[in-house]
Amino acid sequence: MGAPDREPGLQEVEELLSTAVTLLRPYLDAARPSAEAAAPESVLGEAPDAPAGGDERPMVEIRCFGGFRVTVGGTAVDCGAVRPKARSLLRLLALRAGSPVHRDVLLDALWPDLGHEAGVRNLHVTVSRLRTLLEPGAERGSATLLTRDEHSYGLALGWPCASDVREFDRRSTVCLRPAPGEDPERRIAALRAALRWYGGELLPEEGAAEWVVGERRRLRGRAARLCATLAGCELELGRPDAAAAAAEQALTLDAYLDEAWRALVTARERLGDPAAAERGRRAYARTLRSLGVTPGPDAAVTAGRWWSAPPRP
């Protein structure tokens, strides 16, 4: 009789799981667009909920748009259990989840008035408290979520995970670089799917903190561009009502976005509402004047011809 089969070791199990994920990934990716095809009720909505049930639910969920939330294994992390500085550190790391952040960046952002040594001590203490918060009961040195690599720290998000900022960034980058000959309906679905991840202002809890202001402005501007692009696509398909809604949403995010004003005026004209179109022209003229640009004498006449897509019958 031969020797009994050997139990597989941990490393072998991990390799088998990794191989299985790699083999299944094309099928998962192929199924994803059909689940996203339905348009939301509004242009911008809350970030999609994570898949419910079983192993499909992300182990870590991070939401930075519209208010900060973190769940680990389906359980919400009580961020109120730690001090404000620890909460800010967690938000900063969450914003850059999956990427290491050098300690000097953290010190400049959170302890700018302390000397280097005092700042490093505060950072070590705060990181220790966050590890206890994220993985209560984990033995010293065994935490896996908040990691350290020499002088850098980060939230190590393995698969599966969900980060609304990373997902919005990834999807919006694809949407703003359309493939030649792409089906308009498919692009509209992709634009709406990307916008669903933008759930509002980035980390509003941090106010005007320097480390978040620039990223907040960048992501808001990207959402505005997606809305303006969506408005243009809807105009091309002869849907001025949807185009007007998308253009209006773009202007709530960026009141100076030229293509959104153009799309809005054109959509209102195609809806047979010349008064609303004229109000749009005048509002755009006021916007130009606020920037120190004087509208030309024919601006009100030519505004409706800005959009190049011809009306459909």
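Coordinate-derived values only; no laboratory data. This is a predicted model, so every value here is computed, not measured. Here Cβ is always computed from backbone atoms with ideal geometry, including for glycine, and neighbour counts include all displayed protein chains.
Which Cα, out of Ala223, Leu237, Pro204, lies furthest along the positive dipole direction of the range 187-305 (beta carbon charges, K/R +1, D/E -1)? Of the listed residues, the answer is Leu237. Cα centroid separation, the range 197-269 to the range 102-133: 36 Å. For the range 237-278, the share of alpha carbon pairs falling in successive 10 Å distance bins from zero is 34, 56, 10 percent.
Computed over the range 54-161, the range of Cα coordinates on each principal axis works out to 48, 33, 25 Å, biggest value leading.
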